[in-house]
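Notes follow once the structure below has been shown.
The values are calculated or read from the model by the stated rules, or taken from the named source; none is laboratory data. A quick note: this is a predicted structure, and the numbers were derived from the prediction, not measured. Neighbour counts are summed over all protein chains in view; Cβ atoms, including those assigned to glycine, are modelled from backbone coordinates with ideal geometry. Surface accessibility is based on the protein's heavy atoms, side chains included, excluding ligands, DNA and RNA. Shrake-Rupley method; radii C 1.70, N 1.55, O 1.52, S 1.80 Å.
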Amino acid sequence: MRVMGIDYGDARVGIAVSDPLMMTAQGVETVPNRVYSKMLERVAALVKQYEVGTIVLGLPKNMNGTEGERAEVTYAFQKDLLGACPGVEIVLRDERLTTVQAAGVLNVTNTRGKDRKNVIDTVAACIILQSYLDQIRK
């Protein structure tokens, strides 16, 4: 079973999956979140396609560690995701600064404009997932 990383956002949802040995995270796609039910359906299809047993869902926290409105929205998504993907474990992971890290990666690769907007959430999902994979290997 593989592990999936998700960076959930109002406009886009970044998706990454582990390799079969659960050593590295690879970006899969950025799912548009214009129609919530379609987005949820696509994420569930990817869970099935990649035979995912665990989802690592980024939990947005404020810089002081408290949870705000974005965390509440993420908890609601977690509940819906559990309903759409029965039997899959969902682990919440602090995602503070992952978008900043993703932007840094895209700066190094000189990714700009529309390309940047289309992949930043997937890169953030990779960072969330890779930090989890690194932790469970220790």
ask   = How many nm separate the modelled label positions at residue 36 and residue 75, each set 7 Å beyond the Cα in the direction of the Cβ?
value = 1.6
key: Accessible area, probe 1.4 Å, largest first, for residues 29, 67   = 67, 29
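Got a sec? What order do 94, 10 fall in by accessible area at 1.4 Å, biggest, i.e. largest, first?
Descending accessible area places them as 10, 94.
Under 14 Å from the Cβ of residue 51, count the other residues' Cβ atoms, weight Lys and Arg +1, Asp and Glu -1, and hand me the total.
Working: positive: 2, 48; negative: 19, 89.
Surrounding charge for residue 51 is 0.
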key: Accessible-area value, residue 12, 1.4 Å probe, nucleic acids and ligands omitted, Å²   = 70
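I want the local charge near residue 14. Using Cβ-Cβ distances under 11 Å, sum +1 for each Lys or Arg and -1 for each Asp or Glu among the other residues.
Details: positive: 12; negative: 7, 29, 95, 121.
Neighbourhood net charge equals -3.
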Accessible-area order (highest first, 1.4 angstrom probe) of the listed residues 85, 126 = 126, 85
